[in-house]
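All remarks here apply to the structure that follows.
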Amino acid sequence: MKTRREVLQGMIVSIGGASMLTAYGGIAAVVPSDQLQDSRFYSADELALVSRLADLIIPRTDTPGALDVNVPGFLDSLMADWASADTQKTHHEYLTQITSGLSSSFVTLPDGAAIPLLEKFDTAAYSGRGEHSGYRALKGLITQAYFASEDGALQEQEWVAIPGRWDPCVEIT
Amino acid sequence: MTDFDAIVVGSGMSGGWSAKELAERGLKVLVLERGSEIVPERDFTDQVPPWKQPNLDRIAQDEVSKHYYKQYPGVSYAVKETTKHLWVKDDEHPYEEAEGTRYDWLRGYHTGGRSIMWARQSYRLGPQDFEANKLDGHGVDWPVRYEDISKWYDHVETFAGISGSRDGLSQLPDGQFQPAFDLTCAEKEFKARVETRFPGRNVIPARVAHITKATEEQKSLGRTNCQVRNRCQHGCTFKAYFSSNNATLPAAMRTDNCTVIHNAIVKSVEYDPETKRVTGVNVVDSKTNETFFYSSKIIFLNASAIATAMILMQSKSEAFPNGLANSSDQVGRNLMDHVSGANARGLISGFENKTIFGRRPGGIYIPRYANITENDKPYLRGFGFQGTAVPVGNGRGQTAGIGKDFKESHGTPGPWQVGISAFGEQLPNPNNRVTLHPSKTDKWGNPIAVFNVKFSDNEHTMLQEARKDAIAMLEAAGCTNVNAAPVDLTAPGNRIHEMGSARMGRDPATSVLNGCNQAHDIPNLFVTDGAFMTSAACQNPSLSYMAFSARAANYAADLLAAGDL
C-alpha cells in the first residue's frame with residue numbers, strides 16, 4: 001500500500017505534470033515527484049493541499065493552469081523568502097483552518113466530490129459573513145501568482161507589455 | 001577665481017532645471033547629488049515583466065521592517081522589490097517627530113531624485129493662488145503674481161512635454177500642451193452629469209508630464225511618446241515622462257558646461273561677511289567620508305524643501321547665528337504639504353459592452369471650485385480631485401467562484417467604477433516646522449531633522465466637506481454602490497509635496513527669499529526647490545518648481561552677466 005504522501009505526490013504529477021518547487025515564477029518543467037522534499041516552507045501535506053486548491057481554483061483549460069505554471073512552488077518560495085515569521089505562522093494556520101473547514105481527506109477526493117465541496121466552501125467565504133478568511137487569503141495569493149506567471153499573464157490575461165496607444169472606449173464584440 | 005560659476009545642490013525636479021538653464025546660458029555648473037548615480041540602462045526596471053519580478057514584486061517583510069519602515073507604509077504602491085533602490089533606507093537616514101505628531105518624509109537619494117518616482121501630474125497655479133495669503137491673512141503675500149510666472153510655465157511645459165486639454169478655466173490656466181489622454185466613455189458621461197448638476201465644477205483630463213507628440217527638441221534628447229504601459233514608478237527607458245534623468249540633465253550635459261558629482265552631501269554653505277556673498281559649499285563624500293570645498297560665484301539650493309532648510313540651518317556663522325539667510329527666522333518654518341483622505345467611489349452603468357486599451361498615466365481631474373465658483377464654504381481655500389472611471393479589475397482573486405469560470409472572469413472587464421480623491425491645500429503656519437536635532441546626527445555627522453507639523457482645523461473641515469462633495473457628485477452622476485470611507489487625513493508629508501520652508505515674500509523681516517528666489521540677505525544665493533513656496537495652493541507643485549527654477553536661473557545669469565553679483 002502506498003503511503004499517503006506517495007498518493008498525493010502521484011496525484012499532483014498526474015493532475016498537471018507540474019514541477020513542484022523549481023525556480024519561482026518559471027515556466028513549468030516536469031521534474032520527478034521525489035523532488036517534493038525540496039520544499040522550503042510547506043510540509044508535504046500542506047503542499048498537497050495548496051496544489052489541489054490551486055488546480056481546482058485555476059485549472060488547465062485552453063490555457064495553462066495554476067499547476068502548469070508552478071503556483072505551489074511560487075508560493076513556497078514566497079513564504080520562505082518574503083514572509084516574516086508572523087506571516088509564515090499565520091499562513092500555516094490558514095492551511096490548518098482550510099483543512100478542518102473542508103475535510104481532512106479533501107486532497108484525496110476525486111474531482112466529482114472535491115469540486116462541489118470547494119464550491120460550497122468558496123461561496124461561504126465570499127458571502128460577506130467574514131468566514132474562511134484564510135481561504136480568501138490563499139485564493140488571493142494563488143490568483144496573483146498565476147497571473148504574475150508568464151503563461152498566466154500572456155496567454156490567459158493577454159497582458160501587453162507595450163500597449164503603445166490609449167483607447168479610452170473599446171467596443172467588446 | 002572660483003572652481004565653478006554656479007553650484008546647484010541637488011539633481012532632482014528643480015535642480016535639473018537650474019543646471020540646464022544655467023549651463024545653457026554658458027555658466028560652468030557643478031551639480032552636487034548626495035545619492036548614487038542612476039544609469040537608466042542599468043537601474044530602470046520598467047522593462048522587467050511581471051514574471052521576472054521576485055515574490056510578486058514585494059519586498060521581504062523583514063527587510064521592510066528593518067530598512068523601509070517609513071518609506072513603505074508611506075508609499076507602498078511604489079516601494080517594490082524592483083524599485084526599492086530608488087527609495088532611502090530609513091535606518092540609514094533617520095529623523096524624528098515631535099511628540100504627538102507624525103511626518104512622512106518620503107524620498108530617494110540618487111541622480112534625478114524624486115523626479116523618477118513622481119506622479120507626473122502637472123498643473124499651473126492660478127491667479128487666485130498668488131493672491132490667497134494676502135486675501136485671508138494666512139502667511140505672507142507672494143511677491144509675484146500669475147502674470148510674472150506665466151511665460152516661464154510656457155517655457156518649462158514646452159521643454160518637459162505636458163499632455164492636457166485646453167479647458168479655459170481661470171483658476172487652472174491652460175498651457176503649452178501636447179494632446180491629452182482622452183477621457184473614457186464613462187468619464188465623459190460623468191463629466192456631463194457633474195457639470196450639468198454643478199455648473200461651477202469641471203471634469204477634465206489629468207494634465208501629466210508625458211510626451212504624446214514628441215517635439216524635435218524632445219527627440220534630440222532621445223525622448224519618445226508615452227507607450228501607455230504604467231511602468232513609470234520603475235523609471236522610463238522610453239524617456240517619455242519628464243524626469244531630470246530623461247530631460248534636463250541630458251540637456252545640461254550636452255552643453256559641455258555641466259559637471260555632476262555623486263555621493264556628495266553638502267554639509268554647509270560658506271559665507272564671507274566682508275563681501276556679504278556665499279563663496280562655496282562644504283561637502284562630505286558619503287562613501288569615503290572625505291571632505292571637499294567647492295567654490296562658485298552663485299549657489300542654487302535645490303536639495304528639496306526639507307534638506308535645503310537643513311543646509312541653511314547647518315550653515316551658522318557670526319553673521320548668521322541662526323543659520324544662513326535666516327535673519328527672518330523663517331527658515332524651516334511654514335512647512336506645508338497637501339492633504340488627502342477624502343475619497344469616494346461608485347459604480348456607473350451603461351458601459352457594459354465597452355472596455356479600455358492601454359494603461360494611461362493619468363485619469364480625470366476636478367479643478368478647485370471651492371471659494372472660486374462656489375462661495376458658501378465653511379473653510380478657506382480648497383482642493384482638487386484626482387480620479388478615474390474605468391472597468392474594475394479583478395487581479396487579486398477576491399471574487400467568489402472556482403474553476404474555468406473563475407479563471408476566465410479575469411479576462412472580462414468588470415463593471416465600470418468611478419473613484420475620486422481630494423488633494424487639499426494646507427495653510428501656511430510658522431509653527432509647522434523642521435528643526436535640527438540638538439545632539440543626534442546621521443553617520444556623516446549632520447544633525448538629523450525633527451518635524452513638528454500638524455494640520456489645522458481648516459484642513460480637517462475642508463476634507464470633511466470634500467467627502468460630502470465627492471458623494472454628491474457620484475450620486476449626481478447616477479452612480480450606485482457609492483462608498484466613501486470616513487475621512488482619514490493623510491499624515492503631513494505623505495503627499496510628498498513638502499514646501500514652504502524658506503518662503504518668498506516682500507519683507508526681509510518675514511521671509512527668506514525675494515520674488516526672484518534670491519535670498520534677501522545674500523544676493524548670490526538662490527533657492528528654487530519647494531522651499532520657496534509662499535503658499536501651497538492645491539495643485540501638484542512640481543511644474544511650479546520647474547517654472548520658478550528656470551526663471552531664477554535666467555535672472556541669476558542676467559545679474560552675473562551684468563556684473564551685479
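Considering only C-alpha atoms, what is the centroid distance from segment A:104-140 to segment B:311-356, in Å?
Result: 47 Å between the Cα centres.
List the equivalent ellipsoid semi-axes of segment B:257-309 in whole Å, largest first, each obtained as the square root of 5λ for an eigenvalue λ of the Cα gyration tensor.
Whole-Å semi-axes of the equivalent ellipsoid: 19, 13, 12.
Round to the nearest 0.05 the FRET efficiency obtained for B:Lys213 and A:Trp159 when R0 = 25 Å and r is the Cβ-Cβ distance.
E(calc), rounded to 0.05, equals 0.40.
Quick one: dipole size for segment B:454-536, taken about the Cα centre, charges +1 on Lys/Arg Cβ and -1 on Asp/Glu Cβ, in debye to the nearest 20.
The dipole of segment B:454-536 has a size of about 60 debye.
Given chain B reduced to its alpha-carbon atoms as identical point scatterers, what log10 I(q)/I(0) does the Debye formula return at q = 0.05, 0.06, 0.10, 0.11 Å⁻¹?
At q = 0.05, 0.06, 0.10, 0.11 Å⁻¹ the computed log10 ratios are -0.20, -0.29, -0.82, -1.00.
With contacts defined as alpha carbon pairs under 8 Å and 6 or more residues apart, what's the relative contact order of segment B:50-123 in percent?
30 percent
Which lysines have a Cα less than 21 Å from the Cα of B:Lys377, not counting those fewer than 8 places away in the same chain?
B:Lys134, B:Lys468
Which of the residue pairs B:Lys151/B:Lys239; B:Lys276/B:Lys316; B:Lys28/B:Lys316 have a Cα-Cα distance greater than 18 Å in the structure shown?
Check vs 18 Å cut-off fails for B:Lys151/B:Lys239; B:Lys28/B:Lys316.
Lysines within cross-link reach of B:Lys66: Cα-Cα under 22 Å, excluding same-chain residues under 8 positions apart?
Within reach: A:Lys89, B:Lys80, B:Lys84, B:Lys89, B:Lys287, B:Lys440, B:Lys443.
D for segment B:232-278, whole µm²/s, Stokes-Einstein with Kirkwood Rh over alpha-carbon pairs at 25 °C and 0.890 mPa s: what number?
Values: Rh = 13.9 Å.
Here the translational diffusion coefficient equals 176 µm²/s.
What full-extension length gain, to one decimal in nm, is calculated for B:Asn375 and B:Leu135 as 0.36 nm per residue of separation minus the Cα-Cα distance?
Fully extending the segment from B:Asn375 to B:Leu135 adds 85.0 nm.
Need one word for segment B:444-484: rounded, prolate or oblate. Basis is the Cα gyration tensor (sqrt eigenvalues a ≥ b ≥ c); a/c below 1.5 gives rounded, then a/b vs b/c decides.
Cα axes put segment B:444-484 in the prolate bin.
Over segment B:1-124, what lengths in whole Å, largest first, do the semi-axes of the equivalent ellipsoid take, defined as the square roots of 5 times the eigenvalues of the alpha-carbon gyration tensor?
Equivalent ellipsoid of segment B:1-124: 30, 20, 14 Å, largest first.
Express the Stokes-Einstein translational diffusion coefficient of segment A:122-173 in µm² s⁻¹, to the nearest whole number, given a Kirkwood radius over alpha-carbon pairs, 10 °C and a viscosity of 1.306 mPa s.
The calculation lands on 115 µm²/s.
Kindly identify segment B:91-136 as rounded, prolate or oblate by the Cα gyration tensor criterion: order the square roots of the eigenvalues as a ≥ b ≥ c, call it rounded if a/c is under 1.5, otherwise compare a/b with b/c, prolate if a/b is larger, else oblate. Walk me through the intermediate numbers first.
Numbers: a/c = 3.77, a/b = 1.37, b/c = 2.74.
Oblate.
Where the Cα atoms of segment B:127-252 are projected onto their three principal axes, how long is each span, largest first, in whole Å?
45, 41, 25
Could you pull out every one of the lysines with an alpha carbon less than 27 Å from that of B:Lys404, ignoring same-chain neighbours closer than 8 positions?
Partners within reach: A:Lys120, A:Lys139, B:Lys52, B:Lys354.
Roughly what percent of Cα-Cα pairs across segment A:36-173 reach past 25 Å?
Values: 3131 of 9453 pairs.
Across segment A:36-173, Cα pairs with separations above 25 Å total 33 percent.
Once label points are set 7 Å from the Cα along Cα→Cβ at both A:Arg40 and B:Ala509, what is their separation, rounded to one decimal in nm?
6.7 nm
Given bins 10 angstrom wide, list per bin the percent of all Cα-Cα distances in segment A:39-88, short to long.
In order of increasing distance, the bins hold 28, 48, 21, 3 percent.
How big is the gap, in Å, between the Cα center of segment B:478-525 and the Cα center of segment B:190-237?
Rounded to whole Å, the Cα centres lie 24 Å apart.
Given the DSSP H assignment, sum -39500 (n - 2.57) over each helix run of at least 4 residues in chain B and divide by its residue total; what's the result at 222 nm in deg cm²/dmol, nearest 500? Intermediate results must be reported in sequence, preceding the final value.
Values: 13 runs with 132 residues, N = 565.
Counting only the DSSP helices, I get -7000 deg cm²/dmol.
On a 0 to 90° scale, report how tilted helix B:542-561 is relative to the longest principal axis of chain B, with both axes built from alpha carbons and the result rounded to the nearest 10.
For helix B:542-561, the angle is close to 20 degrees.
In peptide A:135-147, what is the residue-averaged number of other protein chain Cβ atoms found within 10 Å of each Cβ? Mind showing how you got there, number by number?
Details: counts 0, 3, 2, 1, 8, 4, 3, 1, 9, 6, 3, 3, 9.
For this peptide, the per-residue mean of nearby foreign Cβ atoms is 4.
Which Cys residues of chain B have no other Cys Cβ less than 4.7 Å away and so no disulfide-compatible partner by this rule?
B:Cys226, B:Cys232, B:Cys236, B:Cys258, B:Cys479, B:Cys516, B:Cys538
To check my understanding: the extent here is largest minus smallest coordinate of the Cα atoms along each principal axis. What are those three numbers for the protein assembly as shown, in Å, largest first?
Extents along the principal axes, in whole Å: 97, 62, 52.
Using the Karplus curve 6.51 cos²θ - 1.76 cosθ + 1.60 with θ = phi - 60°, work out ³J(HN,Hα) for each residue of segment B:302-308 in order, rounded to whole Hz, and write x for Gly and Pro.
9, 7, 4, 3, 6, 5, 4
Take the eigenvalues of the Cα gyration tensor for segment B:435-521, scale each by 5, and report the square roots as semi-axes in whole Å, largest first.
39, 21, 11
Compute, for B:Lys66, the solvent-accessible surface of its heavy atoms (probe 1.4 Å) with the complete set of protein chains present, and express it in square angstrom to the nearest 10.
Counting only protein heavy atoms, the figure is 120 Å².
The values are calculated or read from the model by the stated rules, or taken from the named source; none is laboratory data. Just so you know, these numbers come straight off a predicted model, no measurement behind them. Don't worry about glycine lacking a Cβ; one is built from the backbone with ideal geometry, like all the others, and counts go over all protein chains shown. Just the protein is used for accessible areas: all its heavy atoms, side chains included, with ligands, DNA and RNA removed. Shrake-Rupley method; radii C 1.70, N 1.55, O 1.52, S 1.80 Å.
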